[in-house]
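J.: For reference, the structure I am asking about is given below.
The values are calculated or read from the model by the stated rules, or taken from the named source; none is laboratory data. A quick note: this is a predicted structure, and the numbers were derived from the prediction, not measured. Glycine gets a Cβ as well: all are built from the backbone with ideal geometry, and neighbour counts include every protein chain shown. We work out accessible area using only protein heavy atoms, side chains counted, and drop any ligands, DNA or RNA first. Shrake-Rupley method; radii C 1.70, N 1.55, O 1.52, S 1.80 Å.
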Amino acid sequence: MKFVSVFTAAVLVAPVAIAQPVQEHQDIAPGVHALVGPFGQRDPQNLGNNATFGLVVTPDGAVLIDAGGSMKGAKALHAAIRQVTDQPVRYVINTGGQDHRWIGNSYWQGLGATVIAAEDAVADQHDRASMQLTVLAQLIGDGVAGTEPAYADITFADRYDLSLGGIEFQIVHPGPAHTPGDSFVWLPESRTVFTGDIVYVGRILGVMDHSSSADWVESFDAFATLEPAHVVPGHGPVTDLATARRDTRDYLVNLRSRIGEHIEAGGDIIGAVDVDQSGFAYLDSFDQLSRRNAQEVFSQMEWE
């Protein structure tokens, strides 16, 4: 797979504060935006939008990257979008199977938008929809009202190319990462990549039982070879490739290396929590997630 970047000049990212459940709007390039939700858990205030979303505005309509974490969360995203453009959302791209990537789909489809997702993401969404709705009801309470699972209108195996209003979108599913169907969206003209949950910035990532820590590193490398000027992570503000690599890839490589040494020394899953992750203690939610991540990576590497 070969991608060609046609612009090399960096564009200043300008943050604009807006109300919850989207905390910040960042301009990346002409027509290219990030809608940054809060760190932390889903709650009644963020309506499940504790993530970063993408918006690309063209003369022929807008493309939204990720649908929102509930029906009301999708409506809140729409309110934020209206502060940026009057263009209708023509397409919604689900970058994975985590709830805030897709569970607001029905809102957008009701407005006439077409939803696009990788086949592996849709399979994951089907597998976990009931559980995700149960957890959402516990976390956001009445905010889950009206949320019903709805799935992509267009699916693809490895790559899907979309063109709208003169803008080219290359949607790539490189393999599993945080979820089995994670994809990134590459805009060659502005050298911008929307990574979904392949990248976490400023917050520790979560390695779950549906994650693949080994494949995650390879999925990161798949977009990194494009040398993007702007990285829009699944969690956190717009950043550069070096920061994305530090907060995501380097964390995973360190954890897998430490756990590998622990296994070779005869260590067990209980002792896995003590491997050295201190170099990443600056990341938000480190104390809550680092030890669980260690045990999950131990479980995965034990069978590699």
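Conditions (1) free of Cβ contacts under 8 Å to residues at least 40 places away in the same chain; (2) among the basic types (K, R), marked per residue:
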site	(1), (2)
R90	no, yes
A118	no, no
D127	yes, no
S130	yes, no
I154	no, no
P176	no, no
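J.: Quick one: which helices (runs of 4 or more DSSP H) sit completely within the stretch 220-304 and have at least 2 residues that are under 22 Å from the mean Cα position of the chain (by Cα) and more than 30 Å from S190 (Cα to Cα)?
T.: Passing ranges, in order: 250-264, 286-301.
J.: List every residue pair whose Cβ atoms sit under 6 Å apart, with the two residues 6 or more apart in sequence or on different chains, where the first one lies in the stretch 133-150 and is in a helix (DSSP H, G or I) and the second, anywhere, is basic (K, R).
T.: Going by the 6 Å Cβ cut-off, the qualifying pairs are L139/R42; I140/R42; G143/K72.
J.: Can you name the strands (runs of 3 or more DSSP E) wholly within the stretch 26-111 that have at least 1 residues being open to solvent by 10 Å² or more (accessible area, probe 1.4 Å) and closer than 28 Å to H126 by Cβ?
T.: Because the criterion is at least 1 residues that are open to solvent by 10 Å² or more (accessible area, probe 1.4 Å) and closer than 28 Å to H126 by Cβ, the strands (runs of 3 or more DSSP E) in the stretch 26-111 that meet it are 89-94.
J.: Looking only at the stretch 277-298, filter to residues that are surrounded by 13 or more Cβ atoms within 10 Å (Cβ to Cβ) and charged (D, E, K, R); which one of those is farthest from A214 (Cα to Cα)?
T.: Taking the candidates together, the pick is D284.
J.: Could you say whether any residue in the stretch 189-207 is in contact with a Lys or Arg (Cβ under 6 Å, 6 or more places away or on another chain) and in contact (Cβ under 8 Å) with a residue 60 or more places away in the chain?
T.: no
J.: Additional query: With respect to A123, determine if the residue is in a helix (DSSP H, G or I) and closer than 16 Å to H178 by Cα.
T.: yes
J.: Right, here's the next one. Would you check if D240 is out of contact with any Pro (no Cβ under 6 Å at 6 or more places or on another chain), farther than 29 Å from V172 by Cα and without any contact (Cβ under 8 Å) to a residue 24 or more places away in the chain?
T.: So D240 fails the test.
Let's see how each residue does on (1) within 30 Å of T134 (Cβ to Cβ); (2) of a type in the set (K, R):
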{"residue": "G48", "(1), (2)": "yes, no"}
{"residue": "F53", "(1), (2)": "yes, no"}
{"residue": "V63", "(1), (2)": "no, no"}
{"residue": "A76", "(1), (2)": "yes, no"}
{"residue": "R82", "(1), (2)": "no, yes"}
{"residue": "D86", "(1), (2)": "no, no"}
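J.: Please go through the stretch 185-209 and pick out each residue that is in contact with a Ser or Thr (Cβ under 7 Å, 6 or more places away or on another chain), over 30 Å from R292 (Cα atoms) and either open to solvent by less than 30 Å² (accessible area, probe 1.4 Å) or of a type in the set (V, I, T) (or both).
T.: P188 - this is the single residue of the stretch 185-209 that is in contact with a Ser or Thr (Cβ under 7 Å, 6 or more places away or on another chain), over 30 Å from R292 (Cα atoms) and either open to solvent by less than 30 Å² (accessible area, probe 1.4 Å) or of a type in the set (V, I, T) (or both).
J.: Looking at this structure, is D43 of a type in the set (D, E, K, R) and modelled with pLDDT of 95 or more?
T.: For D43, the condition - of a type in the set (D, E, K, R) and modelled with pLDDT of 95 or more - is not met.
J.: Still on this structure, please answer the following. So, in the stretch 156-174, exactly how many residues are crowded, with 20+ Cβ neighbours inside 10 Å and either free of Cβ contacts under 8 Å to residues at least 12 places away in the same chain or part of a loop (DSSP other than H, G, I, E, B) (or both)?
T.: Residues in the stretch 156-174 being crowded, with 20+ Cβ neighbours inside 10 Å and either free of Cβ contacts under 8 Å to residues at least 12 places away in the same chain or part of a loop (DSSP other than H, G, I, E, B) (or both): 2 in total.
J.: Any chance the stretch 177-184 includes a residue that's at pLDDT 95 or above, farther than 19 Å from D120 by Cα and either surrounded by fewer than 22 Cβ atoms within 10 Å (Cβ to Cβ) or of a type in the set (D, E, K, R) (or both)?
T.: No, the stretch 177-184 contains no residue that is at pLDDT 95 or above, farther than 19 Å from D120 by Cα and either surrounded by fewer than 22 Cβ atoms within 10 Å (Cβ to Cβ) or of a type in the set (D, E, K, R) (or both).
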